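Colleague: Supplied in structure tokens, the structure appears directly below.
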Amino acid sequence: MKAPLMAIARHRIAIDGEGVTTLVAFHGCPVRCRYCLNSFCLRPEGLRRSMSPEEVLDEVKIDNLYFVATGGGVCFGGGEPLLRSGFICRFAEIMPPSWKLTVETSLNVPIRHLKAMQGIVSKYIVDIKDMNPDIYERYTGKDNRQVEDNLKWMASNGLSDQTLIRLPLIPGFNTKSDRDRSREQLREMKFVHFDEFTYLVPEGQHLAGRP
Amino acid sequence: MTKGKSICRTLKGIRQKIADANGIHYAPRECHYEGECEGTCPACEQEVMFLERELQLRRKNGLAVKLAGIAAGVCAVVMPMESVAQNRPKAMRGKVSTVKRSIPATDLTKGKADSVLLKGIVTDGAGEPLIGAVIKSRGARNCATTDNHGMFAIKVSPNVRLEISCIGMETQTVEVKGIRNPESMTIVLKEDKALPGEIVAPVPVKKTVIVGSVILPEEQEQKTVSGKNGKLRKNKKKHK
């Protein structure tokens, strides 16, 4: 089993979860964010390597001491890591049990991928963009029904406490009121950990995402 | 201090903790490399391998090895603070950054209603942000740590004394009552001269640039474009 990778980035301290982590970034993503941070994940030149879980383990295990001593491990990002759920499951089987796994996901994936992560992943970092379907579609080009369904499944399966929800303020696409509404909707779903931040876009370079 | 040097210092602190916890004699060599590094280098990697060997030896001899979580608290959960969007249409050419403006406040009051919100930055004497600095009430166990821009946000009881510490720096204490600007604090830690220096990097480390949340080789970001005089030049994008 091999998966297309964009990069493996070591020693990400205080970025992708607790402790020292190594980011394994997959190629390929289901959404098309207008201010995409990793557009390489969509372009052919972004596909740097094709590796098996065993090969990835062989490469990242050099930091085993740091992972174990700090409660860190591996963060799967991308791109969309949950599209590679089989790869992550295999990696979890062969990695040292004391490592922690984090996934950084859009959640816009079929629910079977999410279900496969149960009991494997310690922390979910979910970038929901905005809960408003119109805003979401304008910003990502996709609808967010799958995201909402997956969030509900996570909440009903006791995963809300290990989930950090990103709530960005996206210039030209949503407002603080929109974000407040998203947060309230998520609170009602029993999510409690939020990360609010703002995309800074230079003057004159905003996209007109709002009607 | 550069980000790479800051990572290097944190990793070195973790190695020191592992060595101390297991009775391993470990003295990092002083680093005189002045350029930007990735936070590790061949000399650092050799030290990791040395510790691995020492721990393996102890296991073989039936000795208990202390490793799990012994350096927890050196790092904490925060989000990527700054990244660069590349997939932007023509209308957006130029640098477009997403910068996190706020960080979630860590509640150190154990749910007490009477609390104050403190926000700020922890830096070294040169004004460089300190990543992973630990902030806690004196004598308490729970703590908060600074993110990768040295920023923190905490809720604490108004009657406590804060203790701010960071590997390689002297610990400082601050009385919460005496804080004048609770939401824009700047805490400067002095370098701890008692600690050994940084590791020697005999081989210059290949530079990388940060793209979004991953690091890509720098040469991938170089494009050849025509200069004003018609000559070809390298156009290197700057990334934070």
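Read-outs throughout are calculated quantities, based only on the coordinates presented, and are distinct from any laboratory measurement. No experiment lies behind these values; they were computed from the predicted model shown. Note: ideal-geometry Cβ built from the backbone for every residue, glycine included; neighbour counts use all protein chains shown.
Colleague: Out of the trypsin sites (Lys or Arg not before Pro) in region B:150-193, which ones are loop residues according to DSSP with at most 11 other C-beta atoms within 10 Å?
Modeller: For trypsin sites (Lys or Arg not before Pro) across region B:150-193 that sit outside H, G, I, E and B with at most 11 neighbouring Cβ atoms in 10 Å, the list reads B:R180, B:K190, B:K193.
Colleague: Other chains' Cβ within 10 Å of A:59-68 residues: what's the mean?
Modeller: The mean count of partner-chain Cβ atoms within 10 Å per residue comes to 4.
Colleague: Order the peptides A:180-189, A:82-91 from the highest to the lowest mean number of other Cβ atoms within 10 Å of their residues.
Modeller: Ranked by mean Cβ neighbours within 10 Å, highest first: A:82-91, A:180-189.
Colleague: To continue, here is another question. Per residue of region A:30-38, what does 6.51 cos²θ - 1.76 cosθ + 1.60 with θ = phi - 60° give for ³J(HN,Hα)? Whole Hz please, x for Gly and Pro, Karplus curve as stated.
Modeller: x, 10, 10, 5, 5, 9, 4, 8, 10
Colleague: Which of rounded, prolate, oblate describes region A:1-138, given a ≥ b ≥ c as roots of the alpha-carbon gyration tensor eigenvalues and a/c under 1.5 marking rounded, otherwise prolate only if a/b is larger than b/c?
Modeller: Note, shape of region A:1-138 comes out prolate.
Colleague: Could you list which residues have their amide H under 5 Å from that of A:K129, counting only those 5 or more apart in sequence or on another chain, with H placed in the peptide plane?
Modeller: none
Colleague: Now for a different question. Calculate one ³J(HN,Hα) per residue across region B:36-41 by plugging θ = phi - 60° into the Karplus curve 6.51 cos²θ - 1.76 cosθ + 1.60, and present them in order as whole Hz with x for glycine and proline.
Modeller: Each residue of region B:36-41 in turn: 6, 10, 8, x, 8, 7 Hz.
Colleague: Per residue of A:160-171, how many C-beta atoms from partner chains lie within 10 Å of its own C-beta, taken as a mean? All intermediate terms of the calculation are to be shown ahead of the outcome.
Modeller: Numbers: counts 0, 0, 0, 0, 4, 0, 3, 0, 2, 2, 1, 2.
So the per-residue partner count for this stretch is 1.
Colleague: Which Rg and Dmax, in Å, describe the Cα atoms of region A:68-201?
Modeller: Answer for region A:68-201, Rg first and Dmax second: 15.1, 45 Å.
Colleague: Give me, ordered by chain and number, the residues 5 or more places off A:A3 or on other chains with an amide H under 5 Å from its own placed amide H.
Modeller: Excluding prolines and chain starts, which carry no amide H, the hits are A:M51, A:S52.
Colleague: Another one. Karplus couplings for region A:148-162 from phi (6.51 cos²θ - 1.76 cosθ + 1.60, θ = phi - 60°), rounded to Hz, Gly and Pro as x?
Modeller: Karplus values, whole Hz, x for Gly and Pro: 5, 4, 5, 4, 4, 5, 4, 5, 6, 10, x, 9, 5, 6, 9.
Colleague: Translational diffusion coefficient, Stokes-Einstein: compute it for region A:1-45 using the Kirkwood radius over C-alpha pairs as Rh, at 4 °C and 1.567 mPa s, and state it as an integer in µm² s⁻¹.
Modeller: In µm²/s, the coefficient rounds to 108.
Colleague: Along each principal axis of its Cα atoms, how long is region A:29-105 end to end? Whole angstroms, biggest number first, please.
Modeller: Extents along the principal axes, in whole Å: 39, 23, 20.
Colleague: For region B:107-155, take every pair of Cα atoms, bin their distances at 5 Å starting from 0, and report each bin as a whole percent.
Modeller: Going from the shortest bin to the longest, the percentages are 5, 22, 26, 23, 14, 7, 2, 0.
Colleague: Hey, can you grab everything whose amide H is under 5 Å from the amide H of A:L167? Only 5+ residues off in sequence or another chain; H modelled, so Pro and N-termini drop out.
Modeller: Hits under the 5 Å cutoff: A:D195, A:E196, A:F197.
Colleague: Counting only helical runs of four or more DSSP H residues, what would the 222 nm mean residue ellipticity of chain A come to if each run contributes -39,500 (n - 2.57) and the total is spread over all its residues?
Modeller: -8500 deg cm²/dmol
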